[in-house]
Structure formats: structure tokens, C-alpha cells
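For reference, the structure discussed in these notes is given below.
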Amino acid sequence: MAVDRKAMRETIARRAEKEIQSGDYVNLGIGMPTMVANYLSEDKQVMLQSENGLLGIGPYPSEEELDPDLINAGKETVTAAKGAAYFSSAESFAMIRGEHIDVAILGGMEVAENGDLANWMIPGKMIKGMGGAMDLVHGAKKVIIIMDHVSRNGTPKIVKECSLPLTGKGVVDRIITDRAVLDVTDKGLVLKEILDGSSFEEIQEATEPELIKE
Amino acid sequence: MKQIFSSPDEIIEGIEDGATILVGGFGLCGIPENVIQALVRKGTKHLTIVSNNCGVDDWGLGLLLEKKQIDKIYASYVGENKEFERQVINGELEVELVPQGTLAERLRAGGAGIPAFYTPAGVGTKIAEGKEVRKFDGREYVLEQAITGDVSIVRAHTGDTYGNLIYRKTAQNFNPMIAAAGRTTIAEVEHLVEAGTLDPHHIHTPGIYVNRMIEAEQENRVERRTVKEA
């Protein structure tokens, strides 16, 4: 089955945008989460925080505006939005740890049914480092993970227990994939929305833990 | 008075093999690129480096990696630096990965005389292994220790001859905490001005933390050039 990855990513990013309320301070992780900014409704007033010391990320610069001293946490050149502020990394993580960030939207390799998250390394194969993710998952008021529902070889990424080294234990509030929206609750994983027209059973089949019907 | 140098090769005098060096910057943004290159030229070895990243394959701290001058590194992100990842996976380089906020706070604590602090970052993960975990108000926190260094190397946009520093935009990042956490602090500045010409309101790093200074021109390389579609 040919999967249009670009369309998949767009579906996820558009759905994730709905999690952001006007007035929110939001941190978007590297990669697909950064794309969420492209779909932000103009009706919402949102301040995007960048761990490297910027509150108020603006759009990508024009060639003339490009400034090596102004980047986001993914090292991409950006601009500063109206009303932006610059600060040190210590200040940046004080606002993260101190629960001043309303929503963090991050990528994931595995999420377990109890909200455990793994997204920073595959032992012996890949070491990306955790960057700011370990701080963000404890500090942000709401932690949303966006990722493909299954891995490239079709195995579930939503699992009973993570096999990869954890980023945080019991930290995820909501998972948004190309197929569904799921909430981590005390009772287990609740299937909130189906995004691709599948049945409950079909989503269940692609998900390791038992799902709870809304 | 601050020691003002004109040569990056002279400003690193006294940095011995085996030194612990704290280096400011995030990615290639706000790195003291001329002083790093002086260390590469001198070939100072067995270094312990503390920095958020380790440059890229052919620039910044990546140059020290390439020449195998680093024995151990504390960082939060390896990312797209292939030589860094290769050396870590092959066990050629000892690495302590530190959550970014914890790294910033460990450095801040180091410069502020606080030996350790509790943070939620890393609880229940490999990061907390072997460290004290304590509950406050029902939540678990891990005890993290301060970091100090033999030498700190920072980069600022403007400095004055009394050592006061002003950073520019997101080139500030780790530089202020690192400036305070080294026993000797070297500041590479883009513009050096006479003391008294900067507005005291605007100083980010007060001169007390700075020992040696150099005015130098930077290439200011961009790691990921993204521009809006025309």
C-alpha cells in the first residue's frame, strides 16, 4: 500500500493545531511538531516558545531577513514575532519546569498505555539525545505526542510497555496519530476520535494495548 | 582590569591537556568559533567538554571531535552530528547526555555556588539511575549536581573593557551561565568597546565573571538555512 507520507503528516499537524487555544504559550518539538505552526489559525493569538531562548517564534525569514543569531530549537533560521522576548537557556527552562507552558507538542518513537514516552535513543543504533524533551514532559501543563500510528514495518508504536529508553514516565496526556486521537487516562487508553475512517476494531488491531471506547 | 588579547592562540595559553572546558552556544549559534579553532590548532588533548551540542562535522566543536581531542563530553543533543554519534556508539568518546534544562541549571548552579538541586526531568529514566530521588508534595524529583569548569569560553555580541557582555538574539542561550561557571572565563566578542559606553541596563553578563577578552570576526555559519517560500 502506497502511503502518502506528506498527507499523513499534514493530517496529524492539522489535528494537533486544534489542541492549541488562543492565549496559549506553546512549545513545539523538532520535526513534525514544528509543522503545526504552519496550520495555526489566524484567529488564535499564540506565543510559540523555543528552548534556546525565544518566546514568540515568527515565520521563516526572507533572504534579506535571514540572521544566523536567530534560530529555533531545531537550529532552523526563524524570525521573532511581534512582542517576542529573548533570554538564556536557564530562563527558558525555568519557564518550562515552572509550568508556565500551556501545551507541549512533541514527537514520539513509542508511547505506552500508562503515558510513558520514549523518543530519544535506540540503544546501539541511534543516539539523538533528549534535548529539552525530558524537561518539557514534566513542565508543560499538557503533553501531546504526535506520531505515525505504526512504525514503517507496521508494528504498533502505541504499546503496553516501552522497549526503548524512556524520556518520561507517565507523562503523556494525549496521542494524535495519522489514524486516531487517544487519551491516556487512569483506566487506560481511551479512543477519542478516528481520523481515517477506520472502525474501532481496525484501530485496535494497530494498537498493542486494549483500547477503551469513548 | 581584564586581559585583552588580539590573538586567539594567545588567549588560550594555560589551558592544559585534560582540562574541563565549558563552551557556550546552541548548535552553531553563539559559539566562540575563533577560540575553538585556536584549541584545534594547538592540539590540546584529553579534554572534557560541556556544551549543549558538539558543533557539526566540520565546524565548531565538531573540529575538536574530528581531531580526537575530546575524551568526554556533557551535552543534551547529538542530533545530526554523524562523527559525534559514531564516536559515541563505538565507545571512542565518553558522553554524558543531560536533559537540556538540567544542563542549563547545573551550569547556573555551578556559577552561583549551589552544589546541587532537585528537578523532575529524568525521573524514572536512565538519567536518574544511581542518583538520589526524593518526593516533594507527592511528586518525585532527581538530585542533580552543579557543573563548574577550569575554563569557560563564551561568545557575546558586544563587550566592554571591564568585561561586561551583551548577547544578541538567540545567540545568548547557554553563554551567561557558562560565563559564571568557569574558574577562568574567556569571552570572544564581535565588538569590543570602552567601559562606560554601554548602558548598564542592557548588560546581560556583568564583567565580574570575565577574565580574558578578544574581539574577533566570526563566520557565523548557519546550520539549517530555512527561508520562507518566495
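Quick look at the numbers
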| quantity | calculated |
| --- | --- |
| Loop-located GluC sites (Glu not before Pro) in segment A:148-209 whose Cβ has at most 13 other Cβ within 10 Å (DSSP) | A:GLU161 |
| Cα long-axis angle, helix A:5-17 against chain A (0 to 90 degrees, to the nearest 10) | 70 |
| Estimated dipole of chain B in Debye, rounded to 20 [Cβ of Lys and Arg +1, of Asp and Glu -1, Cα centre] | 500 |
| Dipole of segment A:5-213, positive end: most advanced residue of A:HIS100, A:GLY139, A:GLY56 [Cβ charges, Cα centre] | A:GLY139 |
| Student exercise, segment A:145-206 dipole from Lys, Arg, Asp, Glu Cβ charges, in Debye to nearest 20 | 260 |
| Per-residue average of Cβ from other chains inside 10 Å of A:62-68 | 5 |
| Segment B:119-230: relative contact order as a whole-number percent, Cα under 8 Å and 6+ apart | 24 |
| Whole-angstrom gap from segment B:13-87 to segment A:187-203, using each part's C-alpha centre | 47 |
| Computed P(r) (all Cα pairs; segment A:129-214; 10 Å bins; percent) | 16, 51, 28, 5 |
| Cα lying deepest toward the dipole's positive end in segment A:5-213, options A:ASN119, A:MET35, A:PRO165, charges on Cβ | A:PRO165 |
| Overall Cα dimensions of the protein assembly as shown - principal axes, largest extent first, Å | 73, 47, 46 |
| Size of electric dipole in chain A: Cβ of Lys, Arg +1 and of Asp, Glu -1, about Cα centre, debye, nearest 20 | 320 |
| CD proxy at 222 nm, helix term only [per DSSP H run n ≥ 4: -39500 (n - 2.57); per residue of chain B; nearest 500] | -5500 deg cm²/dmol |
| Test item: A:164-176 mean partner chain Cβ contacts at 10 Å | 3 |
| Cα-Cα P(r), segment A:5-213, percent of pairs per 5 Å interval | 1, 7, 16, 19, 20, 16, 11, 6, 3, 1, 0 |
| Chain A, helix-only ellipticity at 222 nm - DSSP H runs n ≥ 4, -39,500 (n - 2.57), divided by all residues, nearest 500 | -5000 deg cm²/dmol |
| Antiparallel DSSP beta bridges within segment A:5-213, as percent of all bridges there, nearest 5 | 50 |
| Once exposed loop trypsin sites (Lys or Arg not before Pro) are cut out (DSSP; at most 16 other Cβ, 10 Å), longest piece of chain A | A:45-124 |
| Per-selection metrics, chain B (Cα): Rg and Dmax in Å | 17.8, 55 |
| Inter-label distance, nm, simple model (7 Å from Cα along the C-beta direction), B:ILE89/B:GLU13 | 4.4 |
| Segment A:1-46: GluC sites (Glu not before Pro) in DSSP loop, at most 15 other beta carbons within 10 Å | A:GLU42 |
| For segment B:40-91, diffusion coefficient by Stokes-Einstein and Kirkwood Rh (Cα), 4 °C, 1.567 mPa s, µm²/s | 120 |
| For residues of A:189-199, the mean tally of beta carbons on other chains within 10 Å | 0 |
| Positive dipole terminus of chain B, leading residue within B:GLY79, B:GLY159, B:HIS46 (C-beta point charges) | B:GLY79 |
| Protection-proxy order for peptides B:11-17, B:199-205, each taking the mean of Cβ atoms within 10 Å per residue, highest first | B:11-17, B:199-205 |
| Segment B:138-230 shape via C-alpha gyration tensor axes, a/c threshold 1.5 | oblate |
| Sequence-separation-based contact order of chain A, relative, with Cα cut under 8 Å and 6+ spacing, percent | 17 |
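Just so you know, all these numbers are worked out from the coordinates, no wet-lab data involved. From a predicted model like this one, the values you see are computed outputs, not experimental measurements. FYI the Cβ positions are ideal-geometry reconstructions off the backbone, even for glycines, and counts take in every protein chain you see.
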